[in-house]
Structures are given as structure tokens and as C-alpha cells.
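The values are calculated or read from the model by the stated rules, or taken from the named source; none is laboratory data. The structure displayed is predicted, hence computed values, not measured ones. Protein only, heavy atoms only, side chains kept; ligands, DNA and RNA dropped before computing areas. Shrake-Rupley method; radii C 1.70, N 1.55, O 1.52, S 1.80 Å.
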Amino acid sequence: QVQLVESGGGSVQPGGSLRLSCVASRIVFNMWTMGWYRQAPGKQRELVADITGGGSTNYADSVKGRFAISRDNAKNTVSLQMNSLEPEDTAVYYCNAGRNVVDGRREYWGQGTQVTVSS
């Protein structure tokens, strides 16, 4: 079955950087759009960034210019480089694999990794 395994979360001071990684297994990787979502306490889960199999990217306005998403199809990995981190970036970050099908949309989720930005 599909498995998404995340790593790279942790605690960092404002202005610092972290790099999140997600390794996917049991899927034809380049057929899936890969994304990073986050959920802060008391808030709904929101899209941070995603990247199609062909390399087209999309970012939330709040992270444009600070975060960069990339993928390595040969290694079945997607990464999120996070720079200039702010306390508002504190959340659980989830890796997502999504694909449209004839009767809807199929999605898989990672377990989540905590990112905490504080002084």
C-alpha cells in the first residue's frame, strides 16, 4: 500500500531554516502531484505548496519567496526548503500525494511532522 514517510521537522528560531523531506513508496511517483500542507492548533489544514509530476509549482501567498518545493522523481522524494521562518509557520506539516481519477480524486497523507518557530 502507499506510504509517505516524512522527516526534517524540529524547532528553530525566527529567521532560521528547515528542510522537510518526504519519501513515497508503492506508487508510480511521477503520476502524482506532491504537496505540503500544514495545520496549526485551532486552524484548518491549509496548502503550503505543491508540485506536479512535470515540475509546475504552486505556493500559498504567505510563504512565497521564503519556501521552495522540489521533487526528485528518481528517488521518489519531495522536499520543502523553508527559509526566513516566522512564528506563524508553527504547525504540523503533512506530505500529500494527489491524483485525479474519473470518479473524483485520490489522496494519500503522511503522518505529519512538527515545526516550531520560537525565540
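Quick notes
- Rolling a 1.4 angstrom probe over the protein heavy atoms with all chains in place gives the chain an accessible area of 54 Å² per residue.
- Whether the chain is rounded, prolate or oblate, judged on the alpha carbon gyration tensor where a/c under 1.5 counts as rounded: prolate
- Among beta bridges identified by DSSP and lying wholly in the chain, the antiparallel ones come to about 95 percent.
- Gaussian network model of the chain, Cα within-10 Å springs - most flexible of G53, G35, G65: G65
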